[in-house]
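K.L.:
Encoded as structure tokens, here's the structure I'll be asking about.
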Amino acid sequence: MSVWPIGVFASVDAGLGVHLEVVRDLKIPSIQLHAPHQNTRTPAAAAAFLSKCADAGITITAVFGGFEGESYADIATTSLTVGLVPEVTRAARVREMKEISDFTKLLGCDTIALHIGFVPDHKSENYQDLLRATRDLLDHAAANGQNLHLETGQETAEHLLHFIHDVNRSNLFINFDPANMILYGTGEPIDALKKVGKYVRSIHCKDAKWAAPEARGTGWGQEVPLGDGDVGMENYLRTLKEIGYTGPLTIEREIPQDPVRQKADIGHAVRLLETLRTKILGS
Ligand code: MG
């Protein structure tokens, strides 16, 4: 693929992503895919989906895991329900992520990704067990020839770096989402990107406005159309160039309750990113 192909977060039957028809209509050449439900993670379903992608000239660049019972209702609920961090569901979710890794291999894709959850304090026993679970998953992914990308936002850049260092595996990287840093109030996104830059192997193009100062750390910021928020898209792309990032610019617009507006916003984001790409790369 060329440098900075446009991408979009898409889904088959689960998650917040847009359907393939929208990707096709907007002529977007790459997708990150939300893993489908267990009963559709079959060789036949993979072959059928791959053939649809091939017909439309679409490349799958990563497959994101998601789990039953996850809720992003508010920051406290997210912390209790999302990713591999909640202890009661950890073993089952690691098993499911391994199945998703196997399905991703059927799709011919070398990257799995997920929100691991709010990484606990590094002095806790919970943290040690999370390290073991993450290594177990990474070793399974490595056997499938895959890397795992952790989505950013639920911890600061420093905390994430510390965790990656402690996991100590060569196939663990980052999917950087600048809007999440703002939504969760975990740090200024451009500074964070510079800090974690060497691990960034995929990214989201999403925008958000900070929560009011009195609500930061407890209340969400607000997700907004690309270019309307506090990320600063031109600065974001210039920083991606600075860290040597050449992968896809994957648009994420999480308003599945309003598909008409979602499609319009994604179309607008494609045009914005194409304009900025030309301005910054000259091509
Ligand atoms: Mg994201």
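K.L.:
Provide the three semi-axes, in whole Å and in decreasing order, of the ellipsoid equivalent to the range 5-67 as defined by the square roots of 5 times the Cα gyration tensor eigenvalues.
P.N.:
18, 13, 9
K.L.:
A follow-up question, please. Which of the peptides 96-102, 67-73 is most tightly packed, and how do the rest follow, going by the mean number of other Cβ atoms within 10 Å of each residue?
P.N.:
96-102, 67-73
K.L.:
When all C-alpha to C-alpha distances in the range 67-106 are sorted into bins of 5 Å, what percent of pairs does each bin hold, rounded to whole numbers?
P.N.:
Bin by bin from 0 Å, the calculated values are 6, 25, 26, 18, 14, 8, 3, 0.
K.L.:
For Ala215 and Ser51, what does the FRET efficiency come to when R0 = 41 Å and r is the distance between their Cβ atoms, rounded to the nearest 0.05?
P.N.:
For R0 = 41 Å, the calculated efficiency reads 0.30.
K.L.:
Could you grab the relative contact order for the chain? Cα pairs under 8 Å, six or more apart, rounded to a whole percent.
P.N.:
17 percent
K.L.:
Same structure again: With N set to the residue count of the range 114-158, report its C-alpha Rg divided by 2.2 N^0.38 Å to two decimal places.
P.N.:
1.24
K.L.:
Quick query: amide H of Val224 versus all other amide H atoms, modeled in the peptide plane; which residues come in under 5 Å with a sequence gap of 5 or more or a different chain?
P.N.:
Under 5 Å from the amide H of Val224: Asp207, Ala208, Lys209.
K.L.:
Just subtract the alpha-carbon distance of Gln38 and Lys123 from 0.36 nm times their residue separation and send over the number in nm, one decimal.
P.N.:
Separation in residues times 0.36 nm, less the Cα-Cα distance, equals 27.1 nm.
K.L.:
Additional query: Which three extents, in whole angstrom, do the alpha-carbon atoms of the range 30-154 cover along their principal axes, largest first?
P.N.:
49, 32, 25
K.L.:
Tell me, Kirkwood radius of the chain from alpha-carbon pair distances, in Å?
P.N.:
This gives a value of 18.9 Å.
K.L.:
Nearest 0.05, what FRET efficiency do Leu80 and His19 give at R0 = 41 Å with Cβ-Cβ as r?
P.N.:
0.85
K.L.:
Another question, if that's okay. Where does the chain land at 222 nm, in deg cm²/dmol rounded to the nearest 500, when only DSSP H runs of n ≥ 4 count, each adding -39500 (n - 2.57), divided by all residues?
P.N.:
Values: 10 runs with 125 residues, N = 283.
So the calculated ellipticity at 222 nm is -14000 deg cm²/dmol.
K.L.:
Could you check what % of the DSSP bridge pairs in the chain are antiparallel, to the nearest 5?
P.N.:
On the way: 3 of 33 bridges.
Around 10 percent of the beta bridges assigned by DSSP in the chain are antiparallel ones.
K.L.:
What distance in nm separates the two pseudo spin-label positions at Asn168 and Val94, each 7 Å out from Cα along the beta-carbon direction?
P.N.:
Output for this residue pair reads 1.6 nm.
K.L.:
Using a 1.4 Å probe over the heavy atoms of the protein chains, calculate the carbon and sulfur portion of the accessible area of the range 6-281 as a whole percent.
P.N.:
52 percent
K.L.:
Follow-up. Applying 1/(1 + (r/R0)^6) with R0 = 35 Å to the Cβ-Cβ distance of Arg261 and Lys195, what FRET efficiency is obtained, to the nearest 0.05?
P.N.:
E between Arg261 and Lys195, to the nearest 0.05, is 0.55.
The values are calculated or read from the model by the stated rules, or taken from the named source; none is laboratory data. Bear in mind the structure is a predicted one, so any value in this text is a computation, not a measurement. Cβ: placed from backbone, ideal geometry, glycine included. Neighbour counts: every protein chain shown. Side chains are part of the model used for accessible areas, which takes the heavy atoms of the whole protein and leaves out ligands, DNA and RNA. Shrake-Rupley method; radii C 1.70, N 1.55, O 1.52, S 1.80 Å.
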